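The values are calculated or read from the model by the stated rules, or taken from the named source; none is laboratory data. The structure displayed is predicted, hence computed values, not measured ones. Glycine gets a Cβ as well: all are built from the backbone with ideal geometry, and neighbour counts include every protein chain shown. We work out accessible area using only protein heavy atoms, side chains counted, and drop any ligands, DNA or RNA first. Shrake-Rupley method; radii C 1.70, N 1.55, O 1.52, S 1.80 Å.
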Amino acid sequence: MTRRAVGSSIGARRRASVRTAPASRRTARGLALLAALVAVTACSARKRPVNVVVIVLDTLRADRLGCYGYARETSPNLDRLASEGFLFENTVTASPWTAPSLISLMTSLYPAAHDVRDTPHPGRLADGVTTLAEILRERGYETAAFTEGGYAKGDFGLGQGFELYPEEAIDAEGGHAIVGHPSRIVENVGRTVRWLGERTDRPFFLFFHTYEVHAPYRAPEAHVHRFLPGYDEQREHEAVRSVTERWNASREIDRDGALAVAMHRRRCAQQDDLPRFADPYVYAERTAELGLAPEQLAHLPEMRERMNDLYDAGIRHADEQIERILAALRERRVLDHTLVVFVSDHGEGLGEHGRLEHGEVLYGEVLLVPLILRVPDPLRRDLPRSRRVEPIVRTVDVLPTVLDLLAIPHEDLSMQGSSLLGLMKGGTEDRPGYSHARTVERPFDTEESVRMGPWRLILDTASDATLLYDLRSDPGALRDVSAQNPEVVERLRGLLDAQRARDAALRAELGGSTPPGVLDDATRRELRNLGYVGDD
């Protein structure tokens, strides 16, 4: 069967209800037949498919977890999960922003192949593309996704294959763990845990995504105090109110006041009870004169320190909440019959390379994400219980790895990743990690990156300029060594050229995404709150 035939078969049943096996009928054949039925049922129970749970924390860079060597205690529960499974030390994401990254995770296709990549409207995944949810649903899995809106909504194609993809009322209002709203991870975990508590014996695939740890960093104050003792949000809030009212009355602002506003926006970017700044463009010009323009903030030690503290607090809060999902699996006694995948869509810039947050650069702080697989006994076979895997892997490798672990054939599926089982058994071979980024200023131009061995090459497709970094001697990627290593540049550009050709061929085969259209009001509000869409 061809890849398109496989996709068509799944697509034809995409909206169909999943058939369940008919109930067994009692007969009059006596206790012998009943005993045989019990024996068959017990055998089936032992061979029942393993559940799959994929947990995605948004904007989480790998180097801020204890299991990846971070000194602060941000992740005790995730550290324990890592000790029980496989931790991949060098995982490269396909894109530094959410929509294309999540689609790549669920399809094993790079953004230029699945074509969900434009900004601010990324388009919709073509029906010819098959997702992990569709594959598992076709095999009788109950499929459910719990997300928090924005670019994790099902509208862009992430919902393909899910029987349940609930939208809460606040989703339609444009709110999630973002600007002007309290964190929604507690609520999202709550509905996920309730759903787990209602499951029967049918195998399930659960996809959980939360906008923790996306800016603004909205962890409860108790967690903030772990890393920023003495922080008083209300006092800061009132100070910002005073600064705003002074500006609106006199158009006067000093550096301390403008810095207080900039810091507060990383915590509570908009609040309904705060007045808006009058003449915002004039305010922007004045703050730039004070050395506090957005591109200048990343160079300020006090801003970087504040963001680091708030970011770490958000990780600790998310770690605590994710443990609730794992605890629910333990309490139902299904954790040891469940494949757990923990990953992030992308990382976060915290001042490195003069940038805050993410989306438009292709450096390690936004591309290296955590990847942890907890493999239950029924799937382990000749795998060890746990291992740290050093070679470079990619988020597009997750789908083929899950299918291999579940012994689901996938030779006819178009995938750009490859299974990690060999590395999990002790293999040492690197694989090239490709990443793509659209720029907001030039939305139809791209930057491309390839990580291979110790090298990272970044290509700006508009200018044809390249940057090369030797991460052995320069792990922070601060010194461009392209002029000193022309042969490495040529070799890695060759890899990018070949990858671009493969992407284009697959995009043509699969039909490309639905062209970007007009965003509905609710989605526009969500994306504005996330910082992806401006008021203009």
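List every residue whose amide H lies under 5 Å from the amide H of S482, counting only residues 5 or more places away in sequence or on a different chain, with H placed 1.01 Å from N in the peptide plane.
L468
Which percent of the accessible heavy-atom area of segment 220-340 goes to carbon and sulfur, probe 1.4 angstrom?
Here carbon and sulfur together make up 48 percent of the probe-accessible area.
Tabulate in residue order the Karplus-calculated ³J(HN,Hα) for segment 308-314, using 6.51 cos²θ - 1.76 cosθ + 1.60 with θ = phi - 60°, rounded to whole Hz; enter x for Gly and Pro.
4, 5, 5, 5, 5, 4, x
Of the listed peptides 370-378, 223-231, what is their order by residue-averaged count of other C-beta atoms within 10 Å, with the highest listed first? Working shown, then result.
Details: 370-378: 21.3, 223-231: 15.6.
Ranking, from highest mean packing down: 370-378, 223-231.
Please give the residues of segment 466-505, grouped as numeric ranges, whose backbone N is less than 12 Å from a label point set 7 Å along the Cα-to-Cβ vector of D63.
Residues 471-472, 474-478 fall inside that zone.
Dimensions of segment 248-305 along principal axes (Cα, Å, largest first)?
Between the extreme Cα coordinates on each principal axis of segment 248-305 lie 30, 25, 16 Å.
If you split all Cα-Cα distances of segment 185-283 into 10 Å bins from zero, what percentages do you get per bin, shortest first?
P(r) over segment 185-283, rounded to whole percents: 12, 34, 23, 16, 10, 5, 1.
Report Rg (one decimal) and Dmax (nearest whole number) for segment 185-235, counting Cα atoms only, units Å.
16.3, 52
Cα-based Rg of segment 405-505 per 2.2 N^0.38 Å, rounded to two decimals? Can you show the working numbers first?
Working: Rg = 16.1 Å, N = 101, 2.2 N^0.38 = 12.7 Å.
Normalised Rg, Cα atoms only: 1.26.
Quick one: net charge around D503, please, counting Lys, Arg +1 and Asp, Glu -1 for every other residue with C-beta under 12 Å from its C-beta. Working shown, then result.
On the way: positive: R117, R500, R502, R507; negative: D115, E448, D497, E509.
Around D503, the surrounding residues sum to 0.
How big is the equivalent ellipsoid of segment 448-496 along its three axes, where each semi-axis is √(5λ) from the Cα gyration tensor, reported in whole Å from largest to smallest?
On the way: eigenvalues 51, 25, 21 Å².
Largest first, segment 448-496 gives 16, 11, 10 Å.
Can you work out the accessible area per residue across segment 347-484, with the rest of the protein chains kept in place, probe 1.4 Å, in square angstrom? If you can, show how the numbers build up before the last one.
Values: 5440 Å² over 138 residues.
On a per-residue basis, 39 Å².
List the residues whose amide H sits under 5 Å from the amide H of R394, counting only those 5 or more places along or on another chain, with H placed 1.01 Å from N in the peptide plane.
It is V92, by chain and number.
For segment 377-464, calculate the relative contact order in percent as a whole number, restricting contacts to Cα pairs under 8 Å that are 6 or more residues apart. Show your work: numbers first, answer last.
Details: 115 pairs, mean separation 20.9, N = 88.
RCO, segment 377-464: 24 percent.
Around V389, which amide H atoms from residues at least 5 apart in sequence, or from another chain, sit under 5 Å from its own amide H, with H modelled in the peptide plane?
Those qualifying (amide H under 5 Å, at least 5 residues apart or on another chain) are L87, F88, E89.
Quantify how much of the Cα-Cα distance distribution of segment 319-385 extends past 20 Å, in percent.
Values: 1097 of 2211 pairs.
The answer is 50 percent, as a whole percent.
Give me D for segment 331-429 in µm² s⁻¹, whole number, from Stokes-Einstein with Rh from the Kirkwood sum over alpha-carbon pairs, 25 °C and 0.890 mPa s.
On the way: Rh = 15.5 Å.
For the chosen part, D equals 159 µm²/s.
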